[in-house]
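Q: My questions all concern the structure below.
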Amino acid sequence: LLPRRLPGASDPPPARRGRSRLPVAVAPPPSARMVKVLTYNIHCGIGNDGAYDLARIAGVLRRSGCDIACLQEVEVNLETRKLRKWSHEHNDNQAELLAKASGLGYFSFAGPLRAYTGEYRRECFENPFDEVLIRDTEGKTGYGNAILTRYPIRESRALVFEQMETPRSEEYIFMDREEQPRGARAILVDIGAELDEDKKSAANKVESSPPPQCCTASQASKPKEAAIKTPSTLLWIVNAHLSHKLSSTEQRNQSRQLEDWIDALVSEYMQQGEKPGYILCGDLNAPSFAPLSSYSTFMGDGRWTDTWKEKGTTCNQATFPSSCCGSACGIKVDHILMLDRKEAAKVQCKAVRVLGAEVDASDHLAVLADLEVSP
């Protein structure tokens, strides 16, 4: 019989009872890609102090390290105008300026509200505080949603919600007495594409030429100039700003229109044999606990997953108003949702947080999510 070998220095130490093994980090699949997505209602660049300062908005975007930024309440004025009663007079293309200042080289903008403040003679019975805008028939003013991205934009789409009632006037928009023009912007990017070294610096620059129409301004740089090597991971990003009337028929109607629009997009790409991922970002003007709201409409059929439900916290989740103790007080109306369907690429949330320290730039706080997309 061979002698039993005694424990030596080269042997592993014996396991201790009552102590579990340390968790092993699981690397993402080789084909999976990580992307940082941010949603932010920038309040037209107006901070809590009432000052118009796009540099503060750009600072929030830079410090976040986001790859894609979905912005709401963005203004584009091709001549000096004041768009909303609480905004400032300017002739800025905010989408283009923020794309430059933030280092995100591509942008796409859609402004369903084309109007501006001006002279309006009120009747004696009308509320003097009602907001009345003059319709812009020249295409020089737009108010809506912009998407900024590091990746070349392969395609962009715009949706303008159909209104349930006929507008009161062909000349004016009565913002407090009728349904406001709202919509969504969507872009398709390849987050797996790599740029040639000699093209990376060029891709991060935005041309200064103004868009032809404020309602449908596309990215300033064309994707074909970015020298994409190999498309690998397609992702649709949808950016929307829904009705401010919480749990109203108007809000639910817009939600259903947006759902149908995205469903049509999924079907279209499925017929083409492609399987992108789908992300819905924006100001839904509804917290997660509100019944009969835009949020409950999206979450009701089980096809959408809320990043905050996956990886968020029970505290410090408020995004509005930012002046109320940051993210510790208020409600969360800004959301990032992931489509969970067999016809779409798998999107998983690895981390999500509210940028609670950025309280001065806007009346909302930004939400940032780290997402993994597996084609």
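Q: Suppose each label sits 7 Å from its Cα in the direction of the beta carbon; what would the D130-E310 distance come out to in nanometres?
A: For D130 paired with E310, the spin-label model returns 4.5 nm.
Q: Still on this structure, I have one more. How far apart, in nanometres, would the label points at E155 and T249 be if each is projected 7 angstrom from Cα along the Cα-to-Cβ direction?
A: According to this spin-label approximation, the distance is 3.5 nm.
Q: Please list, or write none, the aspartates and glutamates whose alpha carbon is within less than 20 Å of the alpha carbon of K245, excluding same-chain residues fewer than 8 places away.
A: The reachable aspartates and glutamates, counting only those whose Cα sits under 20 Å from K245, are E73, D130, E131, E162, E165, D176, E178, E179, E259, D283, D334, D363.
Q: Heavy atoms only, probe 1.4 angstrom, no DNA, RNA or ligands counted: give me C315, C349 ranked by accessible area, highest first.
A: Result of the area sort, largest leading: C315, C349.
Q: Expressed in nm to one decimal, what extension gain is obtained for the pair K85 and S232 from 0.36 nm per residue of sequence separation less their Cα-Cα distance?
A: Length gained, K85 through S232: 48.4 nm.
Q: May I ask for the Kirkwood hydrodynamic radius of the stretch 296-358, worked out over all distinct Cα pairs and given in angstroms to one decimal?
A: So the Kirkwood estimate lands at 12.8 Å.
Q: Return the loop-located trypsin sites (Lys or Arg not before Pro) in the stretch 69-166 (DSSP other than H, G, I, E, B) with at most 11 other Cβ atoms within 10 Å of their own Cβ; answer none if there are none.
A: R121, R122
Q: What is the diffusion coefficient of the stretch 234-375 in µm²/s, taking the Kirkwood radius over Cα pairs and the Stokes-Einstein relation at 25 °C with a viscosity of 0.890 mPa s?
A: 157
Q: Keeping every protein chain in place, order L292, L355, L78 by accessible area at 1.4 Å, biggest value first, i.e. largest first.
A: These residues rank, largest area first, as L292, L78, L355.
Q: Between E274 and A51, how high is the FRET efficiency from 1/(1 + (r/R0)^6) when r is the Cβ-Cβ distance and R₀ = 51 Å? Nearest 0.05.
A: 0.70
Q: Expressed as a whole number of Å, what is the distance separating the alpha-carbon centroids of the stretch 276-311 and the stretch 52-120?
A: Going from one Cα centre to the other spans 25 Å.
Q: While we're on this one: Multiplying the sequence separation of D340 and S374 by 0.36 nm and subtracting their Cα-Cα distance, what value in nm do you get?
A: The span from D340 to S374 would gain 11.0 nm if fully extended.
Q: Convex hull volume of the Cα atoms in the stretch 250-329, per residue, in Å³?
A: Convex hull volume per residue, Cα atoms: 109 Å³.
Q: Here is a follow-up. Among the chymotrypsin sites (Phe, Trp or Tyr not before Pro) within the stretch 271-332, which fall in a DSSP loop and have no more than 15 other Cβ atoms within 10 Å of their own Cβ?
A: Qualifying residues, ordered by number: F289.
Q: Above 20 Å lies some portion of the pair distances; for the stretch 36-149, what is it as a whole percent of all C-alpha pairs?
A: Cα-Cα pairs of the stretch 36-149 separated by over 20 Å account for 42 percent.
The values are calculated or read from the model by the stated rules, or taken from the named source; none is laboratory data. Fair warning: this is a prediction, and the values are worked out from it, not measured in the lab. Here the Cβ is made from the backbone with ideal geometry for all residues, glycine too, and neighbour counts use every protein chain on show. Keep in mind that these areas ignore ligands, DNA and RNA; they rest on the heavy atoms of the full protein, side chains included. Shrake-Rupley method; radii C 1.70, N 1.55, O 1.52, S 1.80 Å.
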